[in-house]
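Structure, as structure tokens:
The values are calculated or read from the model by the stated rules, or taken from the named source; none is laboratory data. Since this is a predicted model, take the numbers as computed values, not measurements. Heads up, the Cβs are rebuilt from the backbone with ideal geometry, glycines too, and the neighbour counts pull from every protein chain shown.
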Amino acid sequence: MARFQTHAVDNQPPEFAPRDLWRDDIALREALAREGGDAHGGRVARYGALAGGELYALSFDAHRDRPRLRTHDRFGHRIDTVEFHPNYHRIMQTAIGNGVAGLSWADDAPGAHVARAALCYLHNQAEPGTSCPLTMTHAAVPVLQQSPVLGEWADKIAACCYDPRDLAIGDKPGVTLGMGMTEKQGGSDVRANTTVATPLGGGDDEYALVGHKWFFSAPMSDGFLVLAQAPAGLTCFLLPRRLPGGAKNAFALMRLKDKLGDWSNASGEVEFMDARAWRVGDEGRGIATILQMVMLTRLDCMLGSAAQMRMALAQALHHATQRVAFGKRLVDQPLMRNVLADLAIESEAALALSMRVARAVDASPRDPREAAFARIATAIGKYWICKRAPAFVNEAQECLGGAGYIEESILPRLYRQAPLNSIWEGSGNIQCLDVLRALARESSAADAVRTELASAAGLDERYDAAVASLEASLRGSVEEAGARWLVERLALALQAAVLQRARSPLAGAFCRSRFGGAHGLAFGTLPTSLDHGLPIERAWIE
Ligand SMILES: Cc1cc2nc3c(=O)[nH]c(=O)nc-3n(C[C@H](O)[C@H](O)[C@H](O)COP(=O)(O)OP(=O)(O)OC[C@H]3O[C@@H](n4cnc5c(N)ncnc54)[C@H](O)[C@@H]3O)c2cc1C
């Protein structure tokens, strides 16, 4: 055979993984400490090694071998079960066992939300599909805590124990949760929900639900927080998969969605046929009740998109530091350096704002100003960071040339995943309109943004000018059609504020390129006079 060797394999980078995603990420290590999550530093560090090692390796098959719906067993009984690749369960077990869904509720000392956000960021880099059930499980807790009879559910999320068995929750040490709001006739406008909830009487807040949900992710969850029309209006309910005695609840999975990406995660369509559900919050207060869950899922969209950017950047840097073209490593070619540096700046800014919002969420119960900041900054950050991810991932793919288009790199998977965070949990326009609503109706929201922006005043004149130009919009009303323009500028200003206050070495380059028109519409258009080496060296430990 050796005689027939046609060529030597040369100039190809080594495998990307196993890789310690915590050790490699200076910006994450700094952000965890800065935002108050340091008490859990050891746990987060261990998860970084797991995510870049075992989970990264398991993720390929969990994604490729998509979940399958089994509506009936061999005897014709309805079972409404989804079968996953075994790696899906191993990934879920590792994630839940390490606190990706429960740490915030397992430890009520300050900083737990921040550490959980870091875990979520690391997890999303390896396997974003499983992040959907993890996020919904985490985010359900503040809603469950509003009901005096559903405390057991919240406790079983805080237990950080994955149990995929299809049993009533009394027989399980840990549970997962899903969420059902979107119906065929309307997703953004949930007030148009037609599912009907009829009280069963008896004083225990039990209802029977008839209707459907058009998108119903993680349908193997133990319970679902759903919206339905009760006699006094749209109301939030907990709908369990199994009833307390163990019987199957009366809902049917009609089919699974054939999705662009997010393949390891199952998303279904469901019909409720007098399904039993327990009311959470008052009748007619469904949107207000479920809002706390939605805020937390939106924070995870920010973290998830920031994580996709970080993984895409890491792949690009890994390749560019090993691959030679025209006599030089790609990372030493001036134009490639501009692209990589620009991506590194964007990635760090996305992480910095996400972790700042995680701190605000953490502090919310103790500090009304932080609660006001979390409320508006989540909508601002969700819009902008999720909007940036698809273009970012595509640019990182291009750094690998043809290899970035091939499935064995993780990049095609990230590319298919990237648009999703922008679409679900309130699509882009809905976030922007939410920002306008908060500015118009809640004076504390505008004040919280103003305070945050003022905390970095005087450090960069381009930043100061950008903030000054925003003041009129914070004070007055903005036309709906102008909402994206405003929210984009608010997001850039908040990112700049966090980077500057953190004394990030990239803060100056961020301000210089993101304010004042010194940057084009594509990545790789930083001013040539900027030091392109600094962001690259900070983002990548060779
Ligand atoms: C893979 C996947 C999984 C999902 N899983 C779940 C789930 O588990 N549970 C769940 O409840 N939902 C789920 N969803 C649904 C998702 O949250 C909705 O698709 C999303 O909220 C948008 O709703 P819609 O599809 O009805 O679009 P529409 O509400 O029809 O909106 C279409 C577009 O119009 C824009 N728009 C709407 N109103 C306005 C306005 N007033 N002004 C300007 N623009 C506007 C929106 O921003 C959007 O871009 C999932 C979606 C996907 C893709």
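Here's the yes/no breakdown for (1) of a type outside the set (A, V, I, L, M); (2) crowded, with 20+ Cβ neighbours inside 10 Å:
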residue	(1), (2)
435	no, yes
448	no, yes
458	yes, no
479	yes, no
483	no, yes
507	no, yes
515	yes, yes
519	yes, no
528	yes, no
Taking segment 138-154 and the residues there that are part of a helix (DSSP H, G or I) and away from the ligand (no atom under 16 Å from the Cβ), the one that is nearest to residue 225 (Cα to Cα) would be 144
Name the single residue that is surrounded by the most Cβ atoms within 10 Å (Cβ to Cβ) among those in segment 411-432 being within 10 Å of the ligand (Cβ to nearest atom) and part of a loop (DSSP other than H, G, I, E, B).
425
So for segment 165-182 (the condition being among the aliphatic types (A, V, I, L, M), in a helix (DSSP H, G or I) and within 16 Å of the ligand (Cβ to nearest atom)), does at least one residue qualify?
no
Collect the residues in segment 270-298 that are of a type outside the set (Gly, Ala, Ser), more than 10 Å from the ligand (Cβ to nearest atom) and within 23 Å of the chain's Cα centre (by Cα), keeping them in residue-number order.
287, 289, 291, 292, 293, 295, 296, 298
Checklist (1) more than 30 Å from residue 232 (Cβ to Cβ); (2) not in a strand (DSSP E or B) applied to residue 255, failing item
(2)
Which listed residue, of 21, 32, is under 20 Å from the mean Cα position of the chain (by Cα), hydrophobic (A, V, I, L, M, F, W, C), part of a helix (DSSP H, G or I) and within 21 Å of residue 347 (Cβ to Cβ)
32
Can you confirm whether segment 217-229 contains a residue that is at pLDDT below 95, among the small types (Gly, Ala, Ser) and more than 10 Å from the ligand (Cβ to nearest atom)?
no
Run down 130, 135 and say which single residue is in a helix (DSSP H, G or I), touching a Leu at 6+ places or on another chain (Cβ under 8 Å), under 30 Å from residue 18 (Cα atoms) and at pLDDT 95 or above.
135
Selected residue [among the acidic types (Asp, Glu), in a helix (DSSP H, G or I) and exposed (fewer than 15 other Cβ atoms within 10 Å of the Cβ)] from 471, 452, 395:
471
For the condition surrounded by fewer than 24 Cβ atoms within 10 Å (Cβ to Cβ), more than 16 Å from the ligand (Cβ to nearest atom) and not basic (Lys, Arg), what is the one hit in 157, 79, 91?
79
If only one of 441, 375 is modelled with pLDDT under 95 and of a type in the set (Lys, Arg), which one is it?
441
Before we move on, is residue 308 in a helix (DSSP H, G or I), at pLDDT below 95 and out of contact with any Asp or Glu (no Cβ under 6 Å at 6 or more places or on another chain)?
no
Candidates 379, 350 - the one that is away from the ligand (no atom under 16 Å from the Cβ) and either more than 16 Å from residue 296 (Cα to Cα) or in a helix (DSSP H, G or I) (or both)
350
Options 194, 235; residue that is in contact with a strand residue (DSSP E or B) (Cβ under 7 Å, 6 or more places away or on another chain) and either away from the ligand (no atom under 14 Å from the Cβ) or assigned to a helix (DSSP H, G or I) (or both)
235
Segment 16-37 residues that are of a type in the set (Val, Ile, Thr), paired with ones that are not in a loop (DSSP other than H, G, I, E, B) (beta carbon under 7 Å, 6 or more apart):
26/538
In segment 464-513, what residues are touching a residue at least 40 places away in the same chain (Cβ under 8 Å), more than 16 Å from the ligand (Cβ to nearest atom) and of a type in the set (D, E, K, R)?
501, 512
Surrounded by fewer than 23 Cβ atoms within 10 Å (Cβ to Cβ) and hydroxyl-bearing (Ser, Thr, Tyr) - does that describe any residue in segment 314-321?
yes
Filtering segment 398-408 down to residues that are in a helix (DSSP H, G or I) and not acidic (Asp, Glu), which residue is farthest from residue 325 (Cα to Cα)?
405
Criterion (without any contact (Cβ under 8 Å) to a residue 40 or more places away in the chain and either buried (at least 21 other Cβ atoms within 10 Å of the Cβ) or within 13 Å of the ligand (Cβ to nearest atom) (or both)) met by exactly one of 262, 189
189
Is there any pair linking a residue in segment 197-221 that is among the charged types (D, E, K, R) to one that is outside any strand (DSSP E or B), with Cβ under 6 Å and at least six apart or on different chains, and which?
206/200
